[in-house]
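Accompanying notes for the structure given below.
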Amino acid sequence: MHLMTATRPDIAFAVSYVSRFMENLQVEHWMAVKRILRYLQGTKSDGICFKSDDKIDFCGYSDADWAGDHADRKSTSGYALILMGDPVSWGSKKQSSVSLSTSEAECIALSLAIQEGKWVHRLLYEILDAAEDKSGPELKIMEDNQSCIKMTKNPVNHGRAKHIDTCGPMEVDSLGGSKYLLLTVDEGSGCMKGFSLRANSDSEECIKKYIVAVQTQFDYKVKFVRHDGARESVANSLKAFYDDQRIEQQVTVPYAHQTNGTAERAIRTIVTIGRSMLHYAKLDKFF
């Protein structure tokens, strides 16, 4: 880990990848770690050689794969900051949300590179100021995805980027003290119902009431319940309710439109419309 962060950017992705399995290490993971050690043994003479130059060049490079993790389909961000031809900061990090397109994955990776780049850029300027040299370099981040580049140049909220804004706890509590919005969708009838929740644990009773109401109103049996595997969705009380009703659970990837797109799109639409109405009415962000 020290070599990855200090002198060996070439193993950044490999070390970051095997670190994901530290909580449940298996034989294949240990074999991958040994392979990294063998690589280091064979390349122990390699390193970063810094040289002096009159001209100070500073730039960064950003990239990302798309849905590289086959378990949860999340992407991995990578960046490298180059000062006078040599890397001074680099990193490889798994993204926290599922990207629906390469442009979205690249945009998230670009954001990570800019955050680190701004910090290094400010540090560089402080060093130059101390040396009484005011001619500092500009910060440039290189990106190879054309859609991502166009999105950064155009401030309009693109459809490809909307998925980045996932729906979590609301910024401001409602007048009733609610922080969460639970949206339930019946795929058979298209019936939707939203519940305002003070805590995630309140969703258990709401889900039970909704299933009973759907079965009573439309006179058919609910056979499947699809959720994202959150703790409140797999609580013991809900599991007992599903077993009693003979309802099968299907776990999907959180925030992924490919698997539970109806609910994800609907809840985002409801929140966006509500915020827009409050904005134009010049009211606070209550929902």
query: What is the ratio of the Cα radius of gyration of the stretch 11-108 to 2.2 N^0.38 Å, where N is its residue count, to two decimals?
result: 1.31
- prompt: Relative to a virtual label point 7 Å from the Cα of PHE21 in the Cα→beta-carbon direction, which members of the stretch 94-122 show backbone nitrogen distances below 17 Å?
  reply: 94
field: Lys, Arg +1 and Asp, Glu -1 on Cβ, resulting dipole of the stretch 1-122 about Cα centre, debye, nearest 20
entry: 360 debye
message: When 1/r is averaged over all different Cα pairs and the result inverted, which Kirkwood radius in Å belongs to the stretch 1-47?
response: 11.1 Å
query: Whole number please: convex hull volume per residue of the Cα set in the stretch 48-164, in Å³?
result: 113 Å³
- prompt: What FRET efficiency would be calculated for the residue pair LYS239, GLN215, taking the C-beta separation as r and a Förster radius of 25 Å, to the nearest 0.05?
  reply: 0.85
message: Just want the ordering: ARG122, ARG246, ARG73, from fewest to most Cβ atoms lying within 10 Å of their own Cβ.
response: ARG246, ARG122, ARG73
- line: Contour minus Cα-Cα span, ARG73 to ASN200, at 0.36 nm per residue, comes to 43.2 nm
- request: Within 10 Å of each residue's Cβ, count the other Cβ atoms and sort PHE13, PHE224 from fewest upward.
  value: PHE224, PHE13
- prompt: In which sequence would VAL212, VAL98 go, from the one with the fewest C-beta neighbours within 10 Å to the one with the most?
  reply: VAL212, VAL98
- line: Sorted by chain and number, the residues with a modelled amide H under 5 Å from that of ASP65, at a separation of 5 or more or across chains, are THR76
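Values in this text are rule-based calculations from the coordinates and carry no lab data. Every value quoted in this text rests on a predicted model; they were computed, and no experiment measured them. Glycine also receives a Cβ, built like all others from the backbone with ideal geometry; neighbour counts cover every protein chain displayed.
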